[in-house]
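Working notes for the structure below.
The values are calculated or read from the model by the stated rules, or taken from the named source; none is laboratory data. The model shown is predicted, which means the values in this text are computed figures rather than measured ones. No Cβ is skipped: glycine too gets one built from the backbone with ideal geometry, and neighbour counts run over all protein chains shown. Only protein heavy atoms, including side chains, enter the accessible area calculation; ligands, DNA and RNA are left aside. Shrake-Rupley method; radii C 1.70, N 1.55, O 1.52, S 1.80 Å.
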Amino acid sequence: MYGPRGAMLGSGGVSDGYEVGSKRQRMMESNPYFAVSSGTSGFQPYGYGGGFQPPPFPVIRLRGLPFNCTDIDIFKFFAGLDIVDVLLVNKSGRFSGEAFVVFAGSMQVEFALQRDRQSMGRRYVEVFRCKRQDYYNAVAGEVNYEGIYDNDYHGSPPPARSKRFSDKDQLEYTEILKMRGLPFSVKKPEIVEFFQDFKLIEERIHIACRPDGKATGEAYVEFASAEEAKRAMCKDKMTIGSRYVELFPSTPDEARRAESRSRQ
């Protein structure tokens, strides 16, 4: 698999040591477009003042994406450009076919706009400018929908277990669970230990990787039954190492697709 819907890379794309799934906190601390001014409540461009005009925020919007699109498909679509963030937009829990892509600078945006109406699979993709606030609103929408409060937002604890568990409790379960937010160095024995109280099929653990072999922070695990997988959801938001791990119901088809992409 290739990272959650909303995966993150550092400036420099997939080759600079940042892994898919790293947090927006890292991006905001390392990229001047995201620097926070202590004197305001919002994001301010770093180092600008006294009437200097800051550069435009380097974000574009995509529309018409295939509904099975992943962040890696977008990285490939913009091959050669320095992507900082990809946010795939969900509506009511389903991918909308739209995405936001943040680049390392304004010049990268100009190059990206030249790929308007190029194809991804059988669909042509619209690439157009948008505002920084549109991107922030989309990020906020993802947080509100999924209840994601981990280290992306300083000082915000994970949502109460009763609330987030009740949401996922309504979903349909198979014997497969998806894990997200894993340490990038995680190994199968750590996952086995994490689920030691449940009937996990050890040979059916798949740690997702990008085509270059780096881990995405996700894994797919198979249990003896759908009921056992649902029971294992009580481990949602518990920790492996210093990271707390999100669990989601998945399907054998999704797990197979992730495994196939990892081999590419």
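For this structure, a couple of remarks:
- Selection status of Ile72, within 29 Å of Ala208 (Cβ to Cβ), surrounded by 20 or more Cβ atoms within 10 Å (Cβ to Cβ), touching a strand residue (DSSP E or B) at 6+ places or on another chain (Cβ under 6 Å) and in contact (Cβ under 8 Å) with a residue 40 or more places away in the chain: no
- Near pairs, Cβ below 6 angstrom, 6+ apart or cross-chain, from region 87-112 (within 25 Å of Ser250 (Cα to Cα) and open to solvent by 10 Å² or more (accessible area, probe 1.4 Å)) to any residue that is basic (Lys, Arg) and part of a strand (DSSP E or B): Glu98/Arg63
- In summary, Ser242 fulfils each of the numbered conditions (1) within 28 Å of Ile74 (Cβ to Cβ); (2) surrounded by fewer than 18 Cβ atoms within 10 Å (Cβ to Cβ); (3) in contact (Cβ under 8 Å) with a residue 40 or more places away in the chain with the single exception of condition (1).
- All conditions but one from (1) under 30 Å from Pro56 (Cβ atoms); (2) modelled with pLDDT of 90 or more; (3) outside any loop (DSSP other than H, G, I, E, B) apply to Ala140; the one that does not is (2).
- Among the criteria (1) open to solvent by less than 40 Å² (accessible area, probe 1.4 Å); (2) modelled with pLDDT of 90 or more, the one Arg117 does not fulfil is (1).
- Selection of region 227-264 for residues being part of a loop (DSSP other than H, G, I, E, B) and under 18 Å from Thr216 (Cα atoms) yields Lys237, Gly241, Ser242, Ser250, Gln264.
- For region 199-210, the condition holds for at least one residue, the condition being that it is more than 21 Å from Glu172 (Cβ to Cβ) and open to solvent by 40 Å² or more (accessible area, probe 1.4 Å).
- Flag set for Ala112, criterion: small (Gly, Ala, Ser) and modelled with pLDDT of 90 or more.
- Extreme residue, nearest to the chain's Cα centre (by Cα), among residues of region 186-200 that are touching a residue at least 40 places away in the same chain (Cβ under 8 Å) and part of a loop (DSSP other than H, G, I, E, B): Val186
- Filter pass, Ala112 being in a strand (DSSP E or B) and closer than 21 Å to Phe57 by Cβ: no
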